[in-house]
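Peer 1: Got a structure for you, questions after.
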Amino acid sequence: MVRELASRLGVAVPVLIKQLMKQGVMATITQEIPFEVASRVAQDLGFVVERPKSEEERFQERVRQVQAARSPQAARPRPPVVTIMGHVDHGKTTLLDAIRKTRVAAQEYGGITQHIGAYQVELNGRRITFLDTPGHEAFTAMRARGAQVTDVAVLVVAADDGVMPQTVEAIDHARAANVPIVVALNKIDKPAANPDRVKQQLAELGLVPEEWGGDTVMVPVSALRQEGIQDLLEMILLVADLRELKANPDGPAEGVVIEAQLDRGRGPVATVLVREGTLRVGDPVVAGTVAGRVRALMDDQGRSLPSAGPSTPVVVLGLEDVPQPGDTLVVAPDEESARRVAQERLERLRTEQLRPTARATLEALARAGEQEAQELRMILKADVQGSLEALRSALGKLAQEPVKLHILHAAVGGITEADVNLASASGAVIFGFNVRPDANARRAAERDRVEIRTYRVIYELIDDVKAAMAGLLKPRVEERVVGRAEVRRTFKVPGVGVVAGCYVTEGKLLRGGAVRVVRDGVVVFDGRIGSLKRFKDDVREVAQGFECGVGIERFQDVKEGDVLEAYETVEVAPAAPGVGAAGRA
């Protein structure tokens, strides 16, 4: 407030208001002014101004002091944290169940009393922590929030089925996270099992078995018959030993939220994996934008624990709200400071959501010019395997200094939310050839500000990447989606042909406008809207929320369930320096 500032500076209010007017600020005696303005006025009056540290800055400074105080000599080996990934129906859930039974038999405990998203297995006096996540999508979604919690990824591949699309995705996600992979060749008890064929397929993807001279551990197992489970656990421990995983159990705890939910009887409940230090009952904590005091700690058997050390998963009760998976949980000095830090983070998060954030884009790469070496990380999606191979081959010839190309993931099919999560976690740009993002992917790209570029001509994609690498990106002709409609019925009209009965779900459809027909994420036709009707009347446009009849020029194969995507082409100049390009769909 102007009056308070004048009092602290020891000057008359009119003098201060005069100084504000010189700064171009018109303020009354009771008006609040920003710190930056007050700072400039105080400096003009001969004062030295120091900005006070925020609650977050003081908190982070204390965290750094705690980390520095931890003695490296006091670090002890910790259990490895393992995530199980792989294709659907290849036996991930059955393998997890088999591992649980191994744990119960080894420790002679009763049945599992509750699901907490993580649990531990004990083998020969050593423990392994398993994250019971849905697979690579959840694995990468946590990475996108800055939580790198996995030490080893177990890739489950059915010996009778071989490598499938989600198998390739899981491999790419694990490699992007720089996590070692242990392959579990499941279903070896089936008559159609052919482990050698699966090993050959994996070798073609860069996972060469140890017995073939490679460095990938592959263990044959039968989750259904519980065969090979002990061998798998031993191999996981061996791979973990090579990484020399250590943590210091001394001092306040730091951990990562694995799962969180609102329980009707217990309130906010979070599953936390402790990474450093020891978490104790009674500790005041901050997890992202949520504060609280640890009221109780429980393991996956539902038993109360007084404390939890590194790599131990525990259920934490006592938080004031539900945190987000991937949030970092840190012990605070006291409950009041924990609340202040959480509130400050919440306010900053709201501000950041309104402000554009810089992301990896071709324009930003082009502006880099001849500066230090850059890396363009890419995710490629195409309509058919032939196009995908042609793209990979052409892009492979472009790699040169100062820019390196790194294709994190390449697959056939539409652009999905999992692709956006991987791009967000890795700072990558998504390139689609003759495919489109689905609704979930578009929303995720807008939320995370991931750039999606789609093309219909291979050489346009290659030329864009080449121009960006040379720092010569020029204004480009870009497609902008005008509207989308779902085909709900089709009608054959004599003399006209097939007419699609549609419901406009987004934007609007324009008669004579460009439109593409998208079927299961793949573009099957690109043309123009020849006729557009509302009931029996010809109309120029149909807006969101209305039904209409659409006739597409020179295309009669429209089917129920297709999506009509109306678009226009505009010339777009490269973004100004310092401004991140928004996700394009």
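Peer 1: Determine if segment 309-316 includes at least one residue that is over 26 Å from PRO72 (Cα atoms) and either at pLDDT below 90 or not hydrophobic (A, V, I, L, M, F, W, C) (or both).
Peer 2: Within segment 309-316, the first condition is being over 26 Å from PRO72 (Cα atoms), and the residues that meet it are 315-316.
Narrowing the set further to residues that are either at pLDDT below 90 or not hydrophobic (A, V, I, L, M, F, W, C) (or both) leaves none.
There is no residue in segment 309-316 that is over 26 Å from PRO72 (Cα atoms) and either at pLDDT below 90 or not hydrophobic (A, V, I, L, M, F, W, C) (or both).
Peer 1: Any residue in segment 208-230 that is open to solvent by less than 30 Å² (accessible area, probe 1.4 Å), part of a helix (DSSP H, G or I) and either at pLDDT below 90 or out of contact with any Phe, Trp or Tyr (no Cβ under 7 Å at 6 or more places or on another chain) (or both)?
Peer 2: Looking through segment 208-230, at least one residue is open to solvent by less than 30 Å² (accessible area, probe 1.4 Å), part of a helix (DSSP H, G or I) and either at pLDDT below 90 or out of contact with any Phe, Trp or Tyr (no Cβ under 7 Å at 6 or more places or on another chain) (or both).
Peer 1: Does LEU185 satisfy being in a strand (DSSP E or B), touching a helix residue (DSSP H, G or I) at 6+ places or on another chain (Cβ under 7 Å) and either in contact (Cβ under 8 Å) with a residue 12 or more places away in the chain or under 30 Å from VAL330 (Cβ atoms) (or both)? Lay out the reasoning, then the answer.
Peer 2: Numbers: in a strand (DSSP E or B): yes; touching a helix residue (DSSP H, G or I) at 6+ places or on another chain (Cβ under 7 Å): yes; either in contact (Cβ under 8 Å) with a residue 12 or more places away in the chain or under 30 Å from VAL330 (Cβ atoms) (or both): yes.
Yes; evaluated as a whole, the condition is true for this residue.
Peer 1: Every residue in segment 417-464 that is touching a residue at least 12 places away in the same chain (Cβ under 8 Å) and among the hydroxyl-bearing types (Ser, Thr, Tyr), please.
Peer 2: If the condition is that a residue be touching a residue at least 12 places away in the same chain (Cβ under 8 Å) and among the hydroxyl-bearing types (Ser, Thr, Tyr), then SER424, SER426, THR454, TYR455 are the ones that fit.
Peer 1: I'd like the residue in segment 249-278 that is in contact with a Ser or Thr (Cβ under 7 Å, 6 or more places away or on another chain) and not in a strand (DSSP E or B) and, out of all such residues, is farthest from ALA118 (Cα to Cα).
Peer 2: Per the stated criteria, the residue is PRO249.
Peer 1: Further, regarding this structure: Among the residues of segment 346-367, are any assigned to a helix (DSSP H, G or I), closer than 30 Å to GLY277 by Cα, at pLDDT below 85 and touching a helix residue (DSSP H, G or I) at 6+ places or on another chain (Cβ under 8 Å)?
Peer 2: Yes: segment 346-367 contains one or more residues that are assigned to a helix (DSSP H, G or I), closer than 30 Å to GLY277 by Cα, at pLDDT below 85 and touching a helix residue (DSSP H, G or I) at 6+ places or on another chain (Cβ under 8 Å).
Peer 1: Between a residue in segment 488-514 that is over 10 Å from GLY549 (Cα atoms) and small (Gly, Ala, Ser) and any residue that is open to solvent by less than 40 Å² (accessible area, probe 1.4 Å) and not in a strand (DSSP E or B), which pairs come within a Cβ distance under 9 Å, given they are 6 or more apart or on different chains?
Peer 2: GLY497/PHE555
Peer 1: Of (1) crowded, with 16+ Cβ neighbours inside 10 Å; (2) at pLDDT 90 or above; (3) over 29 Å from the mean Cα position of the chain (by Cα); (4) not aromatic (Phe, Trp, Tyr), PRO249 satisfies all except one. Which?
Peer 2: Result: PRO249 fails condition (2) only.
Peer 1: May I pose another question? Which members of segment 522-575 meet the condition of being outside any strand (DSSP E or B), at pLDDT 90 or above and open to solvent by less than 50 Å² (accessible area, probe 1.4 Å)?
Peer 2: Correct list: VAL539, GLY545, PHE555, VAL558, ASP562.
Residues are listed down the side, and each one gets a yes or a no for (1) of a type in the set (A, V, I, L, M, F, W, C); (2) within 30 Å of PRO333 (Cα to Cα); (3) modelled with pLDDT of 80 or more:
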| position | (1), (2), (3) |
| --- | --- |
| LEU20 | yes, no, yes |
| VAL25 | yes, no, no |
| ILE29 | yes, no, yes |
| ILE33 | yes, no, no |
| ARG40 | no, no, yes |
| GLN60 | no, yes, no |
| VAL66 | yes, yes, no |
| PRO72 | no, yes, no |
| VAL82 | yes, no, yes |
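Peer 1: Any idea how many residues of segment 319-332 are open to solvent by 20 Å² or more (accessible area, probe 1.4 Å) and either of a type in the set (S, T, N, Q) or farther than 17 Å from ARG275 by Cα (or both)?
Peer 2: The qualifying residues number 5.
Peer 1: Out of all the residues in segment 393-401, is one or more of a type outside the set (A, V, I, L, M, F, W, C) and open to solvent by less than 50 Å² (accessible area, probe 1.4 Å)? Don't jump to the end; show me each part of the working.
Peer 2: Of segment 393-401, the ones of a type outside the set (A, V, I, L, M, F, W, C) are 393, 396-397, 400-401.
Still in the running and open to solvent by less than 50 Å² (accessible area, probe 1.4 Å): none.
For segment 393-401, residues of a type outside the set (A, V, I, L, M, F, W, C) and open to solvent by less than 50 Å² (accessible area, probe 1.4 Å): absent.
Peer 1: Scan segment 7-47 residue by residue and report those that are of a type in the set (Gly, Ala, Ser), surrounded by 13 or more Cβ atoms within 10 Å (Cβ to Cβ) and not in a helix (DSSP H, G or I). Before you say what the answer is, go through the steps one by one.
Peer 2: Going residue by residue through segment 7-47, those that are of a type in the set (Gly, Ala, Ser) are 7, 10, 12, 24, 27, 38-39, 42, 46.
Next, from what is left, pick out any that are surrounded by 13 or more Cβ atoms within 10 Å (Cβ to Cβ): 27, 38-39, 42.
Listed by number, the list holds a single entry, ALA27.
Peer 1: Moving on to the next point. Let me confirm something: among THR271, THR289, which residue is of a type in the set (Ser, Thr, Tyr) and touching a Leu at 6+ places or on another chain (Cβ under 7 Å)?
Peer 2: Values: THR271 fails: touching a Leu at 6+ places or on another chain (Cβ under 7 Å).
When all the criteria are applied, what remains is THR289.
Peer 1: For segment 164-182, what are the residues that are modelled with pLDDT under 90, part of a loop (DSSP other than H, G, I, E, B) and open to solvent by 20 Å² or more (accessible area, probe 1.4 Å)?
Peer 2: MET164, ASN178
Peer 1: Suppose we filter VAL315, VAL322 for residues that are in a loop (DSSP other than H, G, I, E, B), among the aliphatic types (A, V, I, L, M) and within 15 Å of VAL269 (Cβ to Cβ); which single one remains?
Peer 2: VAL322
Peer 1: Right, next: Return yes or no: is ARG377 open to solvent by 70 Å² or more (accessible area, probe 1.4 Å), touching a strand residue (DSSP E or B) at 6+ places or on another chain (Cβ under 7 Å) and either modelled with pLDDT of 90 or more or under 23 Å from VAL294 (Cβ atoms) (or both)? Steps first, answer last, please.
Peer 2: Working: open to solvent by 70 Å² or more (accessible area, probe 1.4 Å): yes; touching a strand residue (DSSP E or B) at 6+ places or on another chain (Cβ under 7 Å): yes; either modelled with pLDDT of 90 or more or under 23 Å from VAL294 (Cβ atoms) (or both): no.
When the stated conditions are applied, ARG377 does not pass them.
Peer 1: Please specify each residue of segment 55-102 satisfying the condition of being farther than 30 Å from LEU155 by Cβ and open to solvent by less than 40 Å² (accessible area, probe 1.4 Å). Please lay out each step first, then the result.
Peer 2: Going residue by residue through segment 55-102, those that are farther than 30 Å from LEU155 by Cβ are 55-74.
Matches in segment 55-102: GLU55, GLU56, PHE59, VAL63, VAL66, ARG70, ALA74.
Peer 1: Something else: Just the residues that are of a type outside the set (A, V, I, L, M) and free of Cβ contacts under 8 Å to residues at least 24 places away in the same chain, please, taken from segment 210-239. Show your work before the answer.
Peer 2: Residues of segment 210-239 that are of a type outside the set (A, V, I, L, M), as a first pass: 210-216, 220, 222, 225-228, 230-231, 234.
The answer is GLU210, GLU211, TRP212, GLY213, GLY214, ASP215, ASP231.
Peer 1: Residues in segment 254-283 that are under 25 Å from PRO80 (Cβ atoms) and open to solvent by less than 20 Å² (accessible area, probe 1.4 Å): how many?
Peer 2: Qualifying residue count, segment 254-283: 12.
Peer 1: To continue, here is another question. Which residue pairs have Cβ atoms closer than 7 Å, lie 6 or more positions apart in sequence or on different chains, and pair a first residue in segment 296-316 that is farther than 20 Å from ALA247 by Cα and open to solvent by 20 Å² or more (accessible area, probe 1.4 Å) with a second residue that is among the aromatic types (Phe, Trp, Tyr) and not in a strand (DSSP E or B)?
Peer 2: Qualifying pairs under 7 Å: GLN301/TYR109.
The values are calculated or read from the model by the stated rules, or taken from the named source; none is laboratory data. Bear in mind the structure is a predicted one, so any value in this text is a computation, not a measurement. So basically every Cβ, Gly included, is an ideal-geometry build from the backbone, and we count neighbours across all protein chains shown. For accessibility, only protein heavy atoms count, side chains too; no ligands or nucleic acids. Shrake-Rupley method; radii C 1.70, N 1.55, O 1.52, S 1.80 Å.
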